[in-house]
Structures are given as C-alpha cells and as structure tokens.
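Beneath this line is the structure, given in structure tokens, with notes to follow.
We did not get these values from a lab; they are worked out from the coordinates using the rules stated. Please read all numbers here as calculations on a predicted model, not as lab measurements. Neighbour counts are summed over all protein chains in view; Cβ atoms, including those assigned to glycine, are modelled from backbone coordinates with ideal geometry.
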Amino acid sequence: MSIDRIRATFQASIEAKQALLADETRLEALLAAANLASSILAGGHKIMLCGNGGSAADSQHIAAELIGRFERERAPMAAIALTTDTSALTAISNDYGYGQIFSRQVEGLGRRGDLLIGISTSGNSRNVIKAMEVAKRIGVHTVALVGDKPQSEMCEIADLVLAAPSINTARIQECHILMMHTLCQLVELESD
C-alpha cells in the first residue's frame, strides 16, 4: 500500500467526473431526467428505484433523499426503493425467481405516469430489465443509470439514459451518485 495508490484512485475518480462534466449530451440527459422527475412528482405521481448490490444501496439512498430531504426543509416527495422490503423480495424470489423481484413490485405498485429509475453498472441486470419492461407496458416512465456500454439492454428500453463515462464499476457508481445527487438538488429547487 502507498499514498501513490490512493492518489491514483482519487485521480481516476476525478477524471471520470471531469469526463461527465465535459460531455454536453450526458448533462442534457441529466437535466431531462431531473425535469421528468419534477413533473412526475408535481403531478402527484411517485418515483420507484431499483438495482442490485451497490446499485440497491444507491436506490435506497436516493429514495431517502427524496422522501426525507436533500439540502433543505420541504414536503416529502413520493419515492420508494424496491430493494427494501425483505418479505416481498424473498417471497417473490422464492415463488417466481430472482429475475422478477422488481417487476412484480412495479406491476403491483406502479401506476401510469410514475417513474422507475433502474440502476445497473453493466446495463444488463435481468431483474432490472424485466422491471423496466413491465414499467413500459403499464405506462411508467423509465430512466436507466448505466456505465459506458451503449449496447446494453437497458439503454434500448429506457426513455432516458444516464450513462457514466467509465467501464470501471467503482467509477460508474461514483458518477451515478453524483448524477442522482444533482437530480435531487434540481428536483428540490423546483419543488417550491
């Protein structure tokens, strides 16, 4: 271990974020996602989020920022992470298979006009893809957070794609949380 290894890791993270900052198309997609989320919440609809592993944790984190608060006091915003109900997750997984843990919840909880944010660093998580397919079928808007793999299945399905400019899982996750924090900030500013 060395300080140089730490510096190299920090530098890689900075470079991924600088690439994100320099890419007008990615920033426009983020602005579009924030505008979509704002209009959905203003219309009395909800935001659902899902993902696996670190992306599950990010789903929970962002749902908490919206239903609680991000930077200022305001009314709670309707947001739910589909990764948190262990009874539903284990029952669905046991009865239908792990691939349907999110799609069954979207089908049961989602309503036309809601928003599903699916998070997958690969863009190919089967259970997130199935949730997005159900969402599209029932009239739920979709946003995909993925890495820099434009051929991923989620990119083909989603209404909007927020792609981190990296193929490294840690750098993708770091960009995802930056994008989602920015989305929370913009949505919160619009909630006045």
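Tally the residues that are in contact with a helix residue (DSSP H, G or I) (Cβ under 8 Å, 6 or more places away or on another chain) and over 22 Å from residue 65 (Cα atoms), restricting the search to region 94-110.
Residues in region 94-110 being in contact with a helix residue (DSSP H, G or I) (Cβ under 8 Å, 6 or more places away or on another chain) and over 22 Å from residue 65 (Cα atoms): 8 in total.
Could you look through region 136-162, keep only residues that are touching a Gly at 6+ places or on another chain (Cβ under 9 Å) and touching a residue at least 40 places away in the same chain (Cβ under 8 Å), and pick out the one that is surrounded by the fewest Cβ atoms within 10 Å (Cβ to Cβ)?
161
crowded, with 19+ Cβ neighbours inside 10 Å, more than 18 Å from residue 18 (Cα to Cα) and polar (S, T, N, Q): which single residue out of 191, 103, 166 fits that description?
Selected residue: 103, the only one of 191, 103, 166 that is crowded, with 19+ Cβ neighbours inside 10 Å, more than 18 Å from residue 18 (Cα to Cα) and polar (S, T, N, Q).
Has region 117-125 got at least one residue that is outside any loop (DSSP other than H, G, I, E, B) and of a type in the set (Ser, Thr, Tyr)?
Looking for residues that are outside any loop (DSSP other than H, G, I, E, B) and of a type in the set (Ser, Thr, Tyr), one finds none in region 117-125, hence no.
For region 14-54, give me each residue that is assigned to a helix (DSSP H, G or I), among the hydrophobic types (A, V, I, L, M, F, W, C) and within 18 Å of residue 169 (Cβ to Cβ).
If the condition is that a residue be assigned to a helix (DSSP H, G or I), among the hydrophobic types (A, V, I, L, M, F, W, C) and within 18 Å of residue 169 (Cβ to Cβ), then 14, 16, 19, 20 are the ones that fit.
Residues of region 1-13 being surrounded by 12 or more Cβ atoms within 10 Å (Cβ to Cβ) and either touching a Cys at 6+ places or on another chain (Cβ under 8 Å) or in a loop (DSSP other than H, G, I, E, B) (or both), which ones?
Correct list: empty.
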